[in-house]
1. Somewhere in the stretch B:342-355, is a residue crowded, with 16+ Cβ neighbours inside 10 Å, within 30 Å of residue C:142 (Cα to Cα), within 12 Å of chain A (Cβ to nearest Cβ) and at pLDDT 75 or above?
2. Of the residues that make up the stretch B:168-181, is at least one in contact with a helix residue (DSSP H, G or I) (Cβ under 8 Å, 6 or more places away or on another chain), at pLDDT below 80 and within 14 Å of chain A (Cβ to nearest Cβ)?
3. Report those helices (runs of 4 or more DSSP H) wholly inside the stretch B:84-171 carrying at least 1 residues which are without any contact (Cβ under 8 Å) to a residue 12 or more places away in the chain, more than 26 Å from residue B:229 (Cβ to Cβ) and assigned by TED's automatic domain parsing to the domain that holds residue B:54.
4. Within the stretch A:38-58, does at least one residue satisfy the condition of being modelled with pLDDT under 75 and closer than 29 Å to residue A:170 by Cα?
5. From the list C:92, C:124, C:134, C:147, pick out the single residue that is surrounded by fewer than 18 Cβ atoms within 10 Å (Cβ to Cβ), modelled with pLDDT of 85 or more and closer than 24 Å to residue B:55 by Cβ.
6. Out of B:221, B:229, report the one residue that is modelled with pLDDT of 90 or more, within 30 Å of residue A:130 (Cα to Cα), within 14 Å of chain C (Cβ to nearest Cβ) and crowded, with 21+ Cβ neighbours inside 10 Å.
7. So, in the stretch C:14-34, of the ones that are over 20 Å from residue C:65 (Cβ atoms) and in contact (Cβ under 8 Å) with a residue 12 or more places away in the chain, which residue ends up nearest to the chain's Cα centre (by Cα)?
8. Between A:93, A:145, which is in contact with a helix residue (DSSP H, G or I) (Cβ under 8 Å, 6 or more places away or on another chain) and within 30 Å of residue B:322 (Cα to Cα)?
């Protein structure tokens with residue numbers, strides 16, 4: 001029994017990590033810019049497609065027909081040569097194997113640019129507008145982003161292979177002194193969890209130990225005063241938005257081996273992430289992270305057959321149910337501050 | 001109750017005339033066929049109802065598709081169990097969606113702002129997910145709820161023997177197909193428009209506008225806002241149920257995808273595009289979106305090649321390639337772009353655009369306060 | 001327990017925030033028909049007291065009684081229904097609506113009380129309410145602006161309209177929270193004139209104010225608040241002559 005519970009706990013971690021990462025960015029944007037960003041899920045999706053694009057680029061091949069060799073049907077044989085291998089040699093093969101983590105290198109600048117364009121182009125005009133209009137314009141942006149991706153990459157999910165070394169399962173039970181094969185856990189999920197931990201830790205450290213982060217935290221606590229101090233908030237807002245976009249983007253990249261990216265994954269995650277943010281408490285970073293893991297794990301438990309036998313369909317609604325209960329009983333969420341967004 | 005100010009009577013009669021004449025004036029646009037006309041009427045009802053909540057009280061619901069879906073299911077069940085007549089189906093659908101809205105509204109309206117939006121979204125997503133899983137006996141899951149030969153249809157059987165094949169919806173014996181179906185839907189659009197007009201122009205409507213404008217002042221004015229917002233929520237839920245039922249009447253099938261949050265998003269788009277808080281705005285928004293959806297989705301590369309035919313070959317190819325991304329399957333991209341532009345530049349929607357243009361022609365007249373519009377051009381008092 | 005002509009009785013109210021004793025031993029009796037001003041330097045606890053009176057803050061001990069009814073724990077709309085109207089420091093108005101509609105809403109709310117479905121008849125047929133609203137706008141000198149957009153009014157006009165919104169409900173007690181805050185000298189003077197005019201209506205008023213000019217031209221009775229305590233109580237002349245007041249307040253600002 002303990003093993004089963006522990007396993008479900010582990011199973012919830014990877015989804016929880018994704019929720020926590022998206023909710024973290026969502027909260028950063030909300031806390032600093034005061035903007036309710038319905039396009040944040042789309043940023044996650046765009047990140048995932050950076051991985052797709054990267055892989056497509058590095059697996060480009062030159063096709064030459066070799067007239068000296070004939071196929072069994074008598075036609076000249078096609079010789080495919082991956083471009084990366086002709087350029088980089090053996091490193092090319094490594095690159096292809098590790099395409100997902102390597103695509104982060106592409107994702108960071110791309111997401112930064114996209115984030116800055118979003119903020120400078122559209123979002124900044126909405127700081128003073130009502131929340132309803134912020135929701136509407138970012139909702140529109142999300143539609144645009146996902147439709148562009150759909151028209152470029154098509155409507156079908158595009159599976160992304162994980163590095164060969166990460167394909168197996170780790171026998172976590174053995175590490176904990178249990179028998180072999182009691183608790184095994186796919187390595188990539190473990191990687192994702194650790195990766196999420198590093199990113200979350202990085203963001204918190206950045207906010208805690210840099211001057212920039214101090215200003216941002218002060219801004220989250222009291223935006224008006226910081227504005228009055230004559231600090232150039234505008235530029236920081238832009239950077240914050242870019243940073244949130246990068247976090248969402250690389251969260252999306254690393255998630256691709258677990259869930260083949262499709263154009264509407266952003267929306268699927270967004271709805272859940274908003275629920276996560278609200279459960280954690282609007283504007284609270286630790287709340288968002290805690291609620292992300294909590295809900296991921298809860299969802300995992302709700303999908304146990306034993307649980308489903310007692311409450312049919314619970315796995316389908318658990319997150320929303322938690323959100324509804326939290327909002328009605330404790331509207332500020334787990335760690336929210338008073339008076340945020342209550343009007 | 002029936003006495004109306006002349007301005008309202010003119011608007012109402014004009015609206016009724018425009019709706020009834022749709023099969024005529026839509027002819028040149030190639031949109032005057034019953035299937036599309038039905039959708040014009042049905043989604044206009046949906047948007048008009050949504051506007052009673054969002055436009056008047058300012059509460060942005062992201063879950064209204066749930067009521068639309070429930071209305072469809074209820075109507076199909078009425079066809080299956082009671083009768084193929086449309087009237088019991090409509091009554092049943094309105095009652096069920098109204099009760100559903102009462103329950104969800106009662107809980108969701110305990111919060112306001114984004115919390116309210118998230119609550120409605122959460123309830124709608126729960127309904128959607130459950131429709132696909134636990135409630136399959138009621139919803140028939142992914143296949144969708146359909147008529148079948150073994151349906152009981154108690155009322156119909158009392159009067160006649162079942163004929164061969166699947167029956168189709170009727171109105172007191174007249175089959176609801178073609179233009180009959182359209183005029184049936186049009187009747188409800190006109191009726192619901194009338195009700196919306198009465199609501200907007202009543203003390204009740206003014207209270208709702210007060211709630212949107214300043215909830216604090218409303219409280220210190222001695223108004224418990226909850227019953228008002230709940231009434232608006234239930235009314236708009238019943239409108240959605242009616243629209244869903246009409247869709248099931250014109251095509252007796254109900255699927256869970258009608259409850260998905262994208263469907264909720266669509267009615268928000270319609271209302272904003274036309275102009276939230278205005279009476280005709282949501283109708284115009286619904287018509288525009290359904291019309292262009294129809295046109296744009298039908299455009300293919302062949303048509304585009306013809307359209308860009310005046311360009312030299314290379315440019316033509318590029319033009320076709322680029323523009324093809326915005327039509328057909330890409331229609332939603334166009335919709336999203338238009339929507340972003342509207343929210344950024346014209347938050348009052350088409351109706352605000354019309355007002356701005358009208359204002360250009362009488363530049364010196366100060367704009368009187370028009371209730372419920374987001375446009376507020378400051379001008380000196382006295 | 002309170003005398004028949006005492007409308008509002010703040011009885012032995014204490015309010016603590018953590019270690020801070022924001023209000024200590026406040027005992028106030030506001031008599032019918034009087035204009036009672038509560039003054040004091042910034043941070044004296046005026047806003048806290050007002051929030052306790054309107055039920056927004058629960059007192060740590062003691063209670064607030066209005067005409068025999070305890071106010072504590074009631075919601076704002078219930079307090080209004082008892083006959084208390086409130087003017088805010090920053091005018092709380094319906095900025096999206098016309099001036100006339102701003103004044104009609106409170107009138108309708110007063111008439112219909114709770115939610116009723118009979119409210120679905122046409123606004124155009126609310127002749128009585130409309131006439132009353134127009135009359136009230138005349139009284140505050142805003143009639144010519146009745147079709148204007150309320151959000152575009154000047155600060156002083158917003159205040160006048162807000163007063164009309166309160167007066168149309170014929171409250172028995174009117175609470176004014178710094179009614180001239182943030183106003184130009186001109187707007188302040190017109191507001192004082194207006195408040196003097198409505199003084200003759202025999203309505204009880206409580207004014208929270210730090211502007212001495214306003215207070216001494218309007219009040220029948222003044223309570224001086226300093227550091228959460230009432231240090232003086234009496235007619236304007238009595239208060240003016242009180243050395244404690246001069247020390248705590250006038251000395252600092254005059």
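The values are calculated or read from the model by the stated rules, or taken from the named source; none is laboratory data. Keep in mind that this is a model prediction, so the values were computed, not measured. We place every Cβ from the backbone using ideal geometry, glycine too, and count neighbours over all the protein chains shown.
1. yes
2. no
3. Output list reads B:113-132, B:136-139, B:154-159.
4. The answer is no, given that none of the residues of the stretch A:38-58 is modelled with pLDDT under 75 and closer than 29 Å to residue A:170 by Cα.
5. C:147
6. B:229
7. Per the criteria, the residue is C:22.
8. Within the list A:93, A:145, the selection yields A:145.
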